[in-house]
1. For chain B, what are the DSSP H helices with axial Cα length of 20 Å or more and mean Kyte-Doolittle hydropathy of at least -0.5?
2. Can you pull the Kirkwood radius for segment B:150-306, inverse mean 1/r over Cα pairs, to one decimal in Å?
3. About the Cα centre of chain B, how large is the charge dipole given +1 on each Lys and Arg Cβ and -1 on each Asp and Glu Cβ? Please answer in debye to the nearest 20.
4. So how do B:196-205, A:64-73, B:282-291, A:193-202 stack up, highest first, on mean other-Cβ count within 10 Å?
5. Compute the orientation-averaged projected area for the protein assembly as shown from the convex hull of its Cα atoms and round it to one decimal in nm².
6. Please state the shape class of segment B:107-164: rounded when a/c is under 1.5, otherwise prolate if a/b exceeds b/c and oblate if not, all from the C-alpha gyration tensor.
7. Taking the Cα centroid of segment A:115-153 and of segment A:168-216, what is the distance between the two, rounded to the nearest whole Å?
8. Given +1 on the Cβ of Lys and Arg, -1 on the Cβ of Asp and Glu, and no further charges, what dipole in debye does segment A:93-299 carry about its Cα centre, rounded to the nearest 20?
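Since every read-out is calculated from the coordinates, none of them should be taken as a lab result. Note that the coordinates shown come from a computational prediction; the quantities given were computed from them, not determined experimentally. Positions of Cβ are generated from backbone atoms using ideal geometry, with glycine treated the same way; all protein chains shown enter the neighbour counts.
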Amino acid sequence: MSASTTQAGSRATDRTGSGTGPEDRAQVLRQDRKKNRIGYNIAGLAVFVVMAFPVYWLIISSLRPNHEIRSYDQTLWPSSLTFDNFQRAVNQPNFGTAIQSSLIICGVAVLGGMLLATIAAFAIARFRFRGRKFFMIVLLAVQLLPPTAMLIPIYIQLNDLGGLNEYWGVIVIYLVSTLPFATWMIRGFVINIPPELEESAMVDGCSRMGAFWRVTFPLLAPGLAAAAIFSLITAWNEYLLAYVVLQDNDKYTLNVWLMNFTTSRGIDYGALMAASTLIAIPVVAFFLLVQKYMATGLTSGAVKG
Amino acid sequence: MSAADMKAADPPVTVARVTEGSGAQPPRGVPRRPRRTAGALLPYLLIAPAFVAIAAVFAWPLVKTVIMSFQDVGRRELWTGEAAPWVGFEQFTNILGDGEFWSVVWRTVIFMVVCVVATMAIGLGIAMLMQRMDTWVRLLLTAALIAAWSMPLLVATSIFRWFADSDYGVLNMVLSKYLGVDAQGHNWFLDPVQGFVIIGAVVVWGAVPFVSVTLYAALTQVPRELEEAAALDGAGVAGVFRYVTWPVIKPVFQMVATLSVLWDFNVFGQIFLIRGNKPEPEYTVLGIYSFEKAFESNSFSQGAAISLITVLLLSGVAVYYLRQLLKIGEVE
């Protein structure tokens, strides 16, 4: 990687060396490159500051004493660090039940989604059948549907089925919303496992599915973990459906709990930032684990938005 | 991915079962399979649960949206379960004849265009910068990009709301203290243009990491020799980019841009949350418009009709995106 960037750096200066011999030219380039790199590095650091500052401000505000939060003179570094904001945040009513709701809803949705996604991914990766391409296009196309547009009919449907204000209503929707992307992603992993492994298991007497579960499935573990984490992040970040469907305070998910943070007399920014930090920590941790697979996201439809 | 496909279909060398000459036959063609019909049904059985689930949660609501937009579903129909009366095209004529709807559409389109152009320009700029900077700076920048990328929308919006707070926000503080503008106590959301600048900042800040990381990956695919040859032949920086770099990254750029169009047109959460779950009329974009019609005014059919119009407006973009995917052989 460093070799390629070296060349990239030199490329920008190539014009300056015209008219000199190859050796001189190389000499000139090397010096120029050094100088030019500094400009790019400074620009890069400026971009770093802009991108990182909101995250920094989130963390630092959550640790700042409240009198500094409510001050006209915000400082870059707090005079002292305190966990008061976190204390006020977790003492807000329904914090415990919100964690519980989020864990139940996201956990069940992800487990169910992974099961359906794995067997469907196996089918489209290992078999050639009529309608396979159609199914794959459906998987991609549904990810492009605007979620807010689907909200109204889903709400009406859940109302008809008695799913409003119930965990299962939200679980079913989360499960299926994460399904297309998870299927697509797992398919990519299945393709990379040689089918010969399954074939030899079948020669040794395994059934088609037996070969998959006993041979391919264990090899798929890292891919499944990555897909599960993606689904988990998606479900964990969802707020609108939960906001509309869940009505009891003690059924709110963490996100709905956070949304209702600001409505009571003014905004306690210290506590809001502390609560936001708490919600973001698991997401960031999991995101780091699967970040390298994000490239798949480009060609597989919506990942975030 | 298509390369992996081909690898998966390569002739298996060591496995003894291969008897027929063409090794490119996928594993389905195991010879001497006793029950052919059962084997042919298996893939359908495997995709059936996922297919049914997707049909129930994506396809049926879409159908339901169409049905509802020709009815009049209000609060009464919702709670009593009474059959909603059919009203034909009334919802559509009402909506399309409403001046407010058209101003909402324009607002959405303008916001989308500005955000997409800003996101793509900044994203490409960062990607090209990443190619040229030292490794340690790039690692640092990548870490910041990933941190920004992973921030939940809800959290990101809270942060920017806190930035723009009229009393204690850091934005007003910096403006008044260091830039000599009297912004103390300035409310950014009184003027919707200023408000949309803040909202656009949340959107762009959240979208730039994906764009720049993806475009950086595409840029590393550009053959160095070609760039160098072009430069030696006298092409300037712009010329190298125009004739060597751009053709290579163009497909990726187009797809990322298309996704950005879809995402930014459907912007909802950033506006909804930054305005405290109750956006003022000046902040209404299409998604919020349909949401409010349905859940604030309890006119679910109007909301559904607006959603349907949104889906139709975007379907062209979605089809374009899918065609791009098919063209690069992703669906194989």
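1. Working: long enough: B:36-54 (28 Å, 1.58); B:99-132 (50 Å, 1.48); B:135-150 (22 Å, 1.41); B:192-219 (37 Å, 1.84); B:246-265 (27 Å, 1.04); B:300-327 (39 Å, 1.23).
The answer, listed by residue number, is B:36-54, B:99-132, B:135-150, B:192-219, B:246-265, B:300-327.
2. Working: mean 1/r = 0.0531 Å⁻¹.
Averaging 1/r across every pair of different Cα atoms and inverting gives 18.8 Å.
3. Working: 23 positive and 25 negative charges, 282 e Å.
That gives chain B a dipole magnitude of about 1360 debye.
4. The densest-packed peptide leads the list: B:282-291, B:196-205, A:193-202, A:64-73.
5. 34.3
6. oblate
7. 14
8. Values: 11 positive and 10 negative charges, 128 e Å.
Dipole magnitude for segment A:93-299 comes out near 620 debye.
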